[in-house]
Amino acid sequence: MQLQQKILRLLVIAGAAMLFSSPAAYAKNFKMALGDAQGGTQWELGTKFVELFKAKTGGKHDIKMFPNGQLGSEQDTVNDASIGTLDFSVLAINNITPFSPTVGTFTLPYVIQSLDEAVMLTQGDVGKELTDNTLRDAGVRIIGWAYSGFRVLTNSKKPIKTPEDLKGVIVRVPKNEIMIATYQSWGINPTPMAWSETFTALQQKVVDGQDNPYITVHAMKFYEVQKYITNIRYIFSLEPLIISESVFQSQSDDVKQAILDAGLEATKHSAKYLAETEDSIRKELSEKGMEISDPADKEKAWIEKATKEVWPKYYDSIGGKDKLDRVLKLLGRG
Ligand code: MLT
């Protein structure tokens, strides 16, 4: 009997050792948070990633997606992933900047001016460096990118063409210093607010406007509470897919590779999706009654004020003026 008990104990210890040395050998249901509702670029990247990841791991693992801020504000999800209580999150880059200031390079106004530039920067050395910095600063690993298009300004009050037209309009912005400073350069103090609270605030007229890409405006049904769109192109919205670094490191090599490969493929899919979808979504928004207009004078006043006043304020936080100069040179504007 004593011998049997010893064998049993040894078996339990061996089992536990196997369990903890290769936890990912067991099927796992991961959780993925998304700030946006279903149907936008975050959802498209997320669903593609899940489909690819499941295929690459032979259907052994699954990922359940929680759209529309169900798991908390986008900034909360960075905290949760950082401490390992959340596995994945798809969120706007501007909601990572407070945790890792150098990614502010991608939210400085009027730096990225097209989808091609966005792809080139995120997929090249700059993207790699900012991804490494995010890992170091926030404990989360960027494994994919949703390309969401330019953030356009929406509001419920009046057509806006010039920065002066913003007077009297209360605009919600993410809790992001660069974006706050940008509206200040245009002459107003915007209202910083979590994304998860924005629809209700627009609906209840706590704020009059906000900015986000067409596809996001559509996915969030903002056409129900906003009338006017101004095609400002101050930020090209990038929405990374992040994984908690502690969750990533606890996976087997095969699963890690599946995560990285699925992230890359889903990123390519996202660029294609934006190029194929943005125009028809814009038309749909206009059919739903939104009035879309361009800023006056090819956006000259908006660009001048923002670049002149905002860029120098953030040289230090992005790691020095050199960092921005390098990006502009890469984009052929240096
Ligand atoms: C924000 O405005 O906070 C975000 O850009 C929204 C989003 O993630 O789509």
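The values are calculated or read from the model by the stated rules, or taken from the named source; none is laboratory data. Here the structure is a predicted model, which means the values were calculated and not measured. All Cβ positions, glycine included, derive from the backbone under ideal geometry; neighbour counts span all protein chains shown. Calculation scope for accessible area: heavy atoms of the full protein, side chains included, ligands and nucleic acids excluded. Shrake-Rupley method; radii C 1.70, N 1.55, O 1.52, S 1.80 Å.
Rounded to the nearest whole Hz, the Karplus-based 3J(HN,Hα) values (6.51 cos²θ - 1.76 cosθ + 1.60, θ = phi - 60°) of the stretch 315-330 follow the sequence 3, 4, 5, 8, x, x, 4, 3, 5, 5, 4, 4, 5, 5, 5, 4, with x at glycine and proline.
Surface composition of the chain: carbon plus sulfur atoms hold 52% of the accessible area, using a 1.4 angstrom probe and ignoring ligands, DNA and RNA.
Leaving out ligands and nucleic acids, and using a 1.4 Å probe, what accessible area per residue does the stretch 187-310 come to in Å²?
Working: 5550 Å² over 124 residues.
On a per-residue basis, 45 Å².
Per 0.36 nm of contour for each residue apart, how much would the distance between E284 and N231 grow if the chain were fully extended, relative to their Cα-Cα spacing? Numbers along the way, then the final one.
Details: separation 53, 0.36 × 53 = 19.08 nm, distance 1.54 nm.
My answer for the length gained is 17.5 nm.
Between S252 and E309, the simple spin-label model (points 7 angstrom out along Cα→Cβ) gives 5.7 nm.
On average, how much accessible surface per residue is there in the stretch 73-122, in Å², for a 1.4 Å probe, leaving out ligands, DNA and RNA? Don't skip to the answer; put the middle values down first.
On the way: 1340 Å² over 50 residues.
The answer is 27 Å² per residue.
DSSP loop chymotrypsin sites (Phe, Trp or Tyr not before Pro) in the stretch 295-334 with at most 16 other Cβ atoms within 10 Å of their Cβ, which ones? Walk me through the intermediate numbers first.
On the way: sites: W302, Y314, Y315; in loops: Y315.
Passing both the DSSP loop test and the Cβ count: Y315.
Here the Karplus curve 6.51 cos²θ - 1.76 cosθ + 1.60, taken at θ = phi - 60°, turns the phi angles of the stretch 190-205 into couplings of x, 9, x, 7, 5, 4, 5, 9, 6, 4, 4, 5, 5, 4, 8, 6 Hz, with x standing for Gly and Pro. For V173, the residues 5 or more places off, or on other chains, whose built amide H falls under 5 Å of its own are T191, M193. Relative contact order of the chain, taken over Cα pairs closer than 8 Å and 6 or more residues apart, is 26 percent.
Looking only at the chain, where both bridge partners belong to it, what percent of the DSSP beta bridges are antiparallel (to the nearest 5)? Antiparallel: roughly 55 percent of the beta bridges in the chain. Check the stretch 258-334 and count each lysine pair with an alpha-carbon distance under 13 angstrom, considering only pairs eight or more places apart or from different chains. For the stretch 258-334, qualifying lysine pairs total 4.
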